[in-house]
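What follows is a single structure, written as structure tokens, with notes after it.
The values are calculated or read from the model by the stated rules, or taken from the named source; none is laboratory data. Keep in mind it's a predicted model, so treat the numbers as computed, not measured. Every residue, glycine among them, receives a Cβ derived from its backbone with ideal geometry; neighbour counts consider all protein chains shown. Accessible surface is based on the protein model in full, side chains and every heavy atom, while ligands, DNA and RNA are left aside. Shrake-Rupley method; radii C 1.70, N 1.55, O 1.52, S 1.80 Å.
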Amino acid sequence: MPLARKRHADHADTQSTDTPRATQRRQRPREDSSDAEMSDRNDEVDTPSGADAMTKKLVRLALASEYSRLPIRRTDIRDKVLGEHGSRQFKLVFDTAQSELRSVFGMEMTELPAREKVTVTQRRAALKSEKQASTTTKSWVLTSTLPAKFRTPDILVPTRAPSSALESTYTALYSFVIAVITLNKGVLAEPKLFRYLARMNADMETPVDSTEKLLQRLCKEGYLVKTREMDGGDEVIEYHVGPRGKIEVGTTGVAGLVREVYGFGRVNADEDTQVDPEERELFEQRLNRSLGLPAGARSNGSPDAQQPQQGSAERARPAEPRRSSRRGRQESESEDESESD
């Protein structure tokens, strides 16, 4: 019996000595978890506040969208910037991002205008709809806030992606197409547009891509709006200036392009001091009539003002009602051809 008690006591001592080791082993994960919590707290202290982080995300989103020529939509801001718990901070984050864009990058987010109801079908659908047409699009693009004296080709150079030459060519092409449509009262039939492109040897191929793919890209990026409508059994395809075209080029850009072509721009005016003031005034009157501006108005404040570069916030006037009949279009085309001849 004493021997049995001794063995039982030794077994009890062994268990008692093993218990602290097991306890220590079990306590080690708890110490590791506490260290992880402390590191997370330190990271939270080092990271900026929620509103500051969302502001930086919105600035990055705006710059990336403009690089790809995509509109900055409110749905993208909600999904990619604000998240589930930040929808109430939209105004604060948006205003702060605007301030950062203006002070650091010299740009701001400008809201795109709503697309106009140009076809008869669209106007009838708008009349039948009980909902009032919204004046806001909840989509923005970046526009320049630099003063006019800094909007020079030496400062606002074309981007290098994919190349400066290709980018400048693309800018020149869509500026020309938008100018032609604007000077034709905001609407241009597809055959007439191809005649204008043929005079530039761009009716089949352009330095950017084929003409068809170029027009598709312009419509996709919002520079143009392509409409199709049946008129007396024939399909009529027309092009209008899109929302992005009105913001980036607009009436001011078209007027600047026309002045440079006819020799009344700032560069030519500085070099040639023998420009007749009466001739310039006559040219401005004709330009105002073509742009639909009242007599005596200036499309950009001064005939010698510098043509704005990409990112101008000038908006074009609404397109005038087009002639719905095919006879009216044929008469206008014949008049234009006789004038050109």
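Worth pointing out:
- Within the stretch 150-167, the set of residues being surrounded by 16 or more Cβ atoms within 10 Å (Cβ to Cβ) and either touching a helix residue (DSSP H, G or I) at 6+ places or on another chain (Cβ under 8 Å) or polar (S, T, N, Q) (or both) comprises just one member, Pro158.
- Scanning the stretch 57-67 for residues that are open to solvent by 60 Å² or more (accessible area, probe 1.4 Å) and among the hydroxyl-bearing types (Ser, Thr, Tyr) returns a single hit, Tyr67.
- Note on the stretch 186-273: enclosed helices (runs of 4 or more DSSP H) holding 2 or more residues that are of a type outside the set (D, E, K, R) and crowded, with 21+ Cβ neighbours inside 10 Å are 211-220, 243-248, 250-262.
- Residue within the stretch 104-116 that is modelled with pLDDT under 85 and either in a loop (DSSP other than H, G, I, E, B) or on the phi > 0 side of the Ramachandran plot (or both) present: yes
- Some residue of the stretch 284-299 being modelled with pLDDT under 85, open to solvent by less than 70 Å² (accessible area, probe 1.4 Å) and among the hydroxyl-bearing types (Ser, Thr, Tyr): yes
- Residues of the stretch 80-108 that turn out to be among the small types (Gly, Ala, Ser) and under 22 Å from Ser144 (Cα atoms), as a count: 4
Rundown of residues vs (1) at pLDDT 90 or above; (2) open to solvent by 90 Å² or more (accessible area, probe 1.4 Å); (3) among the hydrophobic types (A, V, I, L, M, F, W, C); (4) closer than 30 Å to Arg217 by Cβ, yes/no style:
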| position | (1), (2), (3), (4) |
| --- | --- |
| Ser33 | no, no, no, no |
| Gly50 | no, no, no, no |
| Thr55 | yes, no, no, no |
| Arg69 | yes, no, no, yes |
| Lys80 | yes, yes, no, yes |
| His85 | no, yes, no, no |
